[in-house]
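What follows is a single structure, written as structure tokens, with notes after it.
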Amino acid sequence: MIDFRALAEKYDTPLYIYDFEHISRRYEELKKAFSGKKSLISYAIKANSNLSVISHLAQMGSGADCVSIGEVRRALMSGIPKYKIIFSGVGKRDDEIEEALKEDILLLNIESEAEMERVGKIAAELGIAARISIRVNPDIDPGTHPYISTGLHENKFGVDIETAKRMYIQANNSTCLDPVGIHFHIGSQLTELEPIKEAAAIVADLVRSLKAIKVDIRFFDVGGGLGIVYDDEKTIKPYDYAQAIFSVLHGLDVTVVCEPGRFMVGNSGFFLTRVLYEKVNEGKRFIIVDGGMNDLLRPSLYNAYHRVEVLGKSGACSEADLVGPVCESGDFFAKSRMLPATEPGDLVLVHSAGAYGFVMASNYNSRPRPAEVAVIDGKKERCIRVRESFEDLIRLEKMCL
Ligand code: LLP
């Protein structure tokens, strides 16, 4: 059991806390599910890019899926071998492409014809052949929140099947491109298996037709997106996920790559905040805490549900909004939730905050970002990012005064 009270005492609030044992279990579970075939689990660093989190996964054998050269650098610094690093993203700058090619990482995921041309040109200048995969958009509705759904033609991601075919032929004829992979990702927080299987089947068919014209795809990258439980969702079991993908790959000798972010770290994380006051406005009850939307944006941005718990309080509950101090009506963690009466100083735990929590935090309202703490073996704790100070916030501005 994590002693949240002791952590609040020692590190103050608001605070992010991650249970590293939970992360290990998630990695092992997924790795085991995919053990029937050659596979690579490339953790999507965007979900939580703390160097200690990445190092922890690196030690377990994880690869990394990165969406900026900054993330590639974080992966390399944390000990992820270059041959397990993938660089994805719809808009890469020339300097990012050049650095990634020089680092000789496993793959660059290409998202458009224009990008492929650019990568080819930079590779030619460097005198190398760039290992690439092409992100195919299978036009499948994953049934998730529109902001995190990516596999439909109306989204900006990837290219359609016909364009992909043309690009593979072109790349295969080029001396500076080596098309070794194929990639798709239909969305995040997926809780239904059927759309994933459907997308995988479409992409597997494409791989077969490419093999017939001598384009030898060796990496079948199914993206990320495995959903987790925030409330009472029924989620996909890793074993069923892997089996669904295997079932469409008959006759293909490929390494299955997957890029889980949320699945790996989401449920491991907690956001701990302290009650400042309660107030009632014309019958509506508000609990005001010291954490805000700048620290944990998901409820404000996606209307996302996170379970909240007032520590040590079990009395009668009444409806309340749990809100932060930021000057925006959208600054809330929970709306119309049944919560017990609180007093200043009470601790409120926001669950499942390990993915897209700290990484999406900002300094809005000149609020320093929280500290992050890792709990190892269920009890030992280690600070993995110190709390920002006011000085940190103004450092780059002071240089210009
Ligand atoms: N691979 C690609 C190409 C992606 O675009 C993403 C997520 C992932 C992997 C990892 O997806 P995951 O396994 O974490 O679902 N900020 C949003 C989520 C944005 C996800 C963007 N892409 C949220 O807080 O829900």
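The values are calculated or read from the model by the stated rules, or taken from the named source; none is laboratory data. All values derive from a computational prediction rather than experimental measurement. When we count neighbours, we look across all protein chains shown, and the Cβ atoms used for this are built from the backbone with ideal geometry, even at glycine. Calculation scope for accessible area: heavy atoms of the full protein, side chains included, ligands and nucleic acids excluded. Shrake-Rupley method; radii C 1.70, N 1.55, O 1.52, S 1.80 Å.
Brief remarks on what is shown
- Over the chain, the reciprocal of the mean inverse Cα-Cα separation, the Kirkwood hydrodynamic radius, stands at 22.4 Å.
- For segment 195-350, the relative contact order is 22 percent, taking Cα pairs closer than 8 Å that sit 6 or more residues apart in sequence and dividing their mean separation by the residue count.
- Unit charges on C-beta of K, R, D, E only; dipole of the chain, Debye: 760 debye
- Reachable aspartates and glutamates from residue 211, criterion Cα separation under 13 angstrom, eight or more residues apart if same chain: 253
- Candidate lysines - alpha carbon under 20 Å from residue 102, same-chain residues fewer than 8 apart omitted: 82, 84, 92, 121
- Among the trypsin sites (Lys or Arg not before Pro) found in segment 195-242, those both in a DSSP coil and sparsely packed, with 11 or fewer other Cβ atoms within 10 Å of their Cβ, are 214, 234.
- Mean sequence separation of contacting Cα pairs (under 8 Å, at least six apart), scaled by the length of segment 34-260, corresponds to a relative contact order of 19 percent.
- Each of the GluC sites (Glu not before Pro) that DSSP puts in a loop and that has at most 12 other Cβ atoms within 10 Å breaks the chain; the longest unbroken stretch is 1-153.
- Share of carbon and sulfur in the accessible heavy-atom surface of the chain [1.4 Å probe, %]: 51 percent
- Averaged per residue, the chain has 44 square angstrom of accessible surface, using a 1.4 angstrom probe with ligands and nucleic acids left out.
- Whole-angstrom gap from segment 25-68 to segment 1-17, using each part's C-alpha centre: 26 Å
- Span per principal axis, largest first, for the Cα atoms of segment 34-260 (Å): 53, 42, 34
- Take every pair of alpha-carbon atoms less than 8 Å apart whose residues are at least six positions apart; their mean separation over the length of the chain yields a relative contact order of 19 percent.
- Ranking 338, 167 from most to least accessible surface, computed with a 1.4 Å probe over the protein chains only, gives 338, 167.
- Only lysines eight or more places from residue 335 in sequence, or on another chain, were considered; those with a Cα closer than 29 Å are 46, 234, 279, 284, 313.
- Anisotropy class of segment 259-319 from Cα gyration tensor, a/c 1.5 cut: prolate
- In this structure the amide hydrogen of residue 177, modeled in the peptide plane, comes within under 5 Å of the amide hydrogens of 130, none closer than 5 places in sequence on its chain.
- When the charge dipole of the chain is built from unit charges on Cβ atoms (+1 for Lys and Arg, -1 for Asp and Glu) and taken about the Cα centre, the candidate among 57, 177, 87 whose Cα reaches farthest toward its positive end is 57.
- Prolate/oblate/rounded call for segment 329-393, Cα gyration tensor, a/c under 1.5 rounded: oblate
- Computed 3J(HN,Hα) for segment 388-395, one whole-Hz value per residue from the Karplus formula 6.51 cos²θ - 1.76 cosθ + 1.60 where θ = phi - 60°, is 5, 10, 4, 4, 4, 5, 9, 3, glycine and proline marked x.
- Residue among 67, 193, 132 farthest towards the positive dipole end of segment 34-260, charges placed on Cβ: 132
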